[in-house]
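One structure is given below, encoded as structure tokens.
The values are calculated or read from the model by the stated rules, or taken from the named source; none is laboratory data. Worth saying up front: this structure is predicted, and the values here are computed from it rather than measured. With ideal geometry, Cβ positions are generated from the backbone for all residues, glycine too; neighbour counts draw on all protein chains shown.
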Amino acid sequence: MNMASIFAEPKQLPHIPRVVQELMESFRGDEHSLNIDDISGKVAKDQSLTAKVLRLANSAHYGVPRTVATPQDAVMLLGFGTLRTMVLASGVTSAFSKIEGFDQNAFWKNAFSIAELSKWIAGFTPEVDKDTAFTCGMMHSVGNLLIRMFYPKEAASIDQTEAMSSSKRHTLENGQFGYNSADVGAELAKRWKFPEIIQNAIAQQYLPENSEEYSKEAGIIYIARYLKRAHDQNLSEDEIVAGFPLQVADKIGMNVNKAYSDLASLGELHSGLDSLIED
């Protein structure tokens, strides 16, 4: 069950539309070199992708003043960054087939929550792009899905052990496979030709526990996961502050005092992407 076996047969791996890979180029600082009309035109040629993007753009979350009828409308009314997020989310969520006995809707809702929290944290962290942080958060657990696709019985066994113990999932995965979902997710991001900043964020997301060196985006994912657990446990603001991973926040340069004053807004965070996974 070495990791190479997962990637041994490329045809069995999830695939994303070419336009999604092209949009990833903008995270390398090439946004202004992209032809926005050309990108919008390519999105429009993919009927499934277009339908999902328009469904998102016309949702109440974005509150546009008129109906968004085309990807070009989405750029004009919502901006390139929002269109990019919609296309990436639509392409990535569609890439994975259904896994029997696993709640993928809940999985993606969690990923979208981590993405929105990552974007929020980036607002208090210097030299971090909010949209990049959002994408890193959205992608942080795709390796989990891939492991479930190839090793469903082993993943289910880890589910049971995790539920009955205090062990962390990546530790259980390391014990079972010799690698964890972060390793798998980073390799998938590499094969999808995502930029290194996203590959590194996925790969290093557990390193803040035991390493001096990791990317700021990895540290942001780490803190976002803490905040999501705090939210799920209905912790008060005082309890969140008391348990906040200050060592990680300090390493990434996060302004925690300013963030603490904005904690109340976390209850209102919503990515607007949930309609992607609604039946």
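Structure above, values below:
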read-out	value
Among the candidates Val68, Val53, residue that is touching a Ser or Thr at 6+ places or on another chain (Cβ under 8 Å) and at pLDDT 80 or above	Val53
Hey, Glu187 among the charged types (D, E, K, R), out of contact with any His (no Cβ under 6 Å at 6 or more places or on another chain) and under 24 Å from Thr82 (Cα atoms) or not	no
Some residue of the range 87-108 being over 17 Å from Ile36 (Cβ atoms), of a type in the set (D, E, K, R) and touching a Pro at 6+ places or on another chain (Cβ under 8 Å)	yes
Some residue of the range 152-166 being under 25 Å from Thr85 (Cβ atoms), assigned to a helix (DSSP H, G or I), modelled with pLDDT of 95 or more and not small (Gly, Ala, Ser)	no
Which listed residue is exposed (fewer than 14 other Cβ atoms within 10 Å of the Cβ) and under 24 Å from Lys216 (Cα atoms), from Glu116, Glu100, Glu25, Glu127	Glu127
